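The values are calculated or read from the model by the stated rules, or taken from the named source; none is laboratory data. Computed from a predicted structure; not experimentally measured. When we count neighbours, we look across all protein chains shown, and the Cβ atoms used for this are built from the backbone with ideal geometry, even at glycine. The accessibility values were calculated without ligands, DNA or RNA, using every heavy atom of the protein model including side chains. Shrake-Rupley method; radii C 1.70, N 1.55, O 1.52, S 1.80 Å.
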Amino acid sequence: MVFKMLKLEFYVPRALEETPDVKEIEELLNEVKSSLNINVQKFVIDESGEEDLKSKILWGLSVAKRIRIKQTRKSKSLYPQLVVFGNNKPITFYPQARAGEEITIKEFLEGLLKGEIRCLHEKFEIEDELRGERK
């Protein structure tokens with residue numbers, strides 16, 4: 001699998017920036033960046049940044065791919081999100097949840113390091129984007 005057209009953007013709510021889970025994901029992102037030569041960016045976001053991320057990227061992908069956005073039940077605050085871009089267009093995000101299944105950011109990154117794409121929607125959609133074969 002060729003990942004040259006892939007770009008990853010890691011969005012972290014400010015309140016979660018120093019948590020062990022975020023630090024672990026950052027280590028994996030650094031490994032992905034150095035091992036696979038993938039462009040990785042991190043953004044620390046506040047409440048308005050969360051709303052922008054939801055409205056500009058996550059909601060559209062959530063509906064199109066039929067995956068749930070992981071957020072807190074009460075306040076609807078986001079958990080850290082990893083948005084995957086192919087050819088500079090958002091094509092999916094993690095964590096992904098659907099019908100009792102979930103793929104975490106960590107599971108996606110570990111798969112990527114093994115040359116695998118893990119997702120709950122059709123994998124060919126991501127693979128075609130990365131090859132520039134979008135139909």
Quiz item: Among the residues of region 68-82, how many are part of a loop (DSSP other than H, G, I, E, B) and open to solvent by 50 Å² or more (accessible area, probe 1.4 Å)?
Solution: 6
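Would you say Thr72 is among the hydroxyl-bearing types (Ser, Thr, Tyr) and touching a helix residue (DSSP H, G or I) at 6+ places or on another chain (Cβ under 8 Å)?
Working: among the hydroxyl-bearing types (Ser, Thr, Tyr): yes; touching a helix residue (DSSP H, G or I) at 6+ places or on another chain (Cβ under 8 Å): no.
For Thr72, the condition - among the hydroxyl-bearing types (Ser, Thr, Tyr) and touching a helix residue (DSSP H, G or I) at 6+ places or on another chain (Cβ under 8 Å) - is not met.
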Self-check item: Near pairs, Cβ below 6 angstrom, 6+ apart or cross-chain, from region 100-115 (closer than 18 Å to Glu27 by Cα and touching a residue at least 40 places away in the same chain (Cβ under 8 Å)) to any residue that is open to solvent by less than 80 Å² (accessible area, probe 1.4 Å) and among the β-branched types (Val, Ile, Thr)
Solution: Ile105/Ile25; Leu109/Val32; Leu112/Val32
Quiz item: Of Pro13, Pro20, Pro90, which residue is open to solvent by less than 20 Å² (accessible area, probe 1.4 Å) and either of a type outside the set (S, T, N, Q) or under 20 Å from Asp128 (Cα atoms) (or both)?
Solution: Pro13
Practice problem: Sort out which residues of region 43-67 are in contact with a Lys or Arg (Cβ under 9 Å, 6 or more places away or on another chain), surrounded by fewer than 16 Cβ atoms within 10 Å (Cβ to Cβ) and in a strand (DSSP E or B), and write them in order of number. | Solution: Val44
Practice problem: Tell me, please, whether a residue that is out of contact with any Cys (no Cβ under 6 Å at 6 or more places or on another chain), more than 26 Å from Val32 (Cα to Cα) and not in a strand (DSSP E or B) can be found in region 83-93. | Solution: no
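On the basis of being at pLDDT 85 or above, under 16 Å from Val40 (Cα atoms), open to solvent by 10 Å² or more (accessible area, probe 1.4 Å) and over 10 Å from the mean Cα position of the chain (by Cα), does Lys114 make the cut?
Numbers: at pLDDT 85 or above: yes; under 16 Å from Val40 (Cα atoms): no; open to solvent by 10 Å² or more (accessible area, probe 1.4 Å): yes; over 10 Å from the mean Cα position of the chain (by Cα): yes.
No, not satisfied.
Keeping to region 116-125, report how many residues are in a loop (DSSP other than H, G, I, E, B) and without any contact (Cβ under 8 Å) to a residue 24 or more places away in the chain.
Let us first name the residues in region 116-125 that are in a loop (DSSP other than H, G, I, E, B), namely 116-122.
Now restrict to residues that are without any contact (Cβ under 8 Å) to a residue 24 or more places away in the chain: 118, 122.
Qualifying residue count, region 116-125: 2.
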